[in-house]
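Here is the structure we will look at, set down as structure tokens.
What follows is calculated from the coordinates using simple rules that are stated; it is not laboratory data. As the structure is a computational prediction, the values presented were derived from the model and not from experiment. Glycine gets a Cβ as well: all are built from the backbone with ideal geometry, and neighbour counts include every protein chain shown.
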Amino acid sequence: MKRFKNLSLFVLNLLILSVLMAFVPGDSGDCAMYIASSKGATMELKNYSRKGKLQNIVRLNIADKTEANGKVMLNVDYAYYDKKDKEVKAKGKYKAVCENGVFKFEFGAMTPVAGQQKGKNMKIEMESDYLDIPANPRVGQTLKNGTLTMKVQAEGMPNMFNTKVAMSERKVVGLEKITTPAGTFSCVKISYNSEVKMSFVKTRSRTVEWFAKGVGLVRSEFYNKRGKMTGYTILTKLKK
């Protein structure tokens, strides 16, 4: 049961990555990017329990950026570290593209693998819809919903867990300034409901997120179906 709980928490954390880089329809040929997009830019986010206890650390790096024929391509590396910041729990890559005023990321091709220390292994296969964040958001604006499908295979589990996450009622609920250890940012506040089906378990939750242009995810909060906070994520370091 503890192993299954930890796997569920890991899947939730991977869901955070699914919204770290959303695609943004622009008003012109330029993209309004909700991510630090310069080559060499780095971001660090920390995930906490509802009681404020550190759970793990996520680091992202813009490994490469190329521009050709009006298209901008980003190669993004990420890694999950344990709460002691010693062991890599999972790692992977994204390919992101900005073309015709739309910024989107290659999510289905991502295959993160857990760190190999102590014989631990985890294989993740993912496919997802693209999410949208408007270049000029308005409070009350309805946003596109989406689904995320995952196959997870962990140490000691011969079969893969099939997991599906369905997002609903995505909308802009505010425009706020948020302060974290990384600084103070002007953010669009977005909320949505999620239904996660993992093998024989189904859970419902609500998520609230704050995004900043040229930065990405600044803060997120997770609530259970009773409205009680279960955890949160904050941006702790940013280097553009």
For LYS151 and LYS213, calculate 0.36 nm times their separation in residues minus their Cα-Cα distance, and state this gained length in nm to one decimal.
19.2 nm
If we count every other residue with Cβ under 10 angstrom of LYS91's Cβ, Lys/Arg +1 and Asp/Glu -1, where does the sum land?
+2
Taking the Cα centre of the stretch 161-240 as origin, sum charge times position over the Cβ atoms of Lys and Arg (+1) and Asp and Glu (-1), and report the length of that vector in debye to the nearest 20.
80
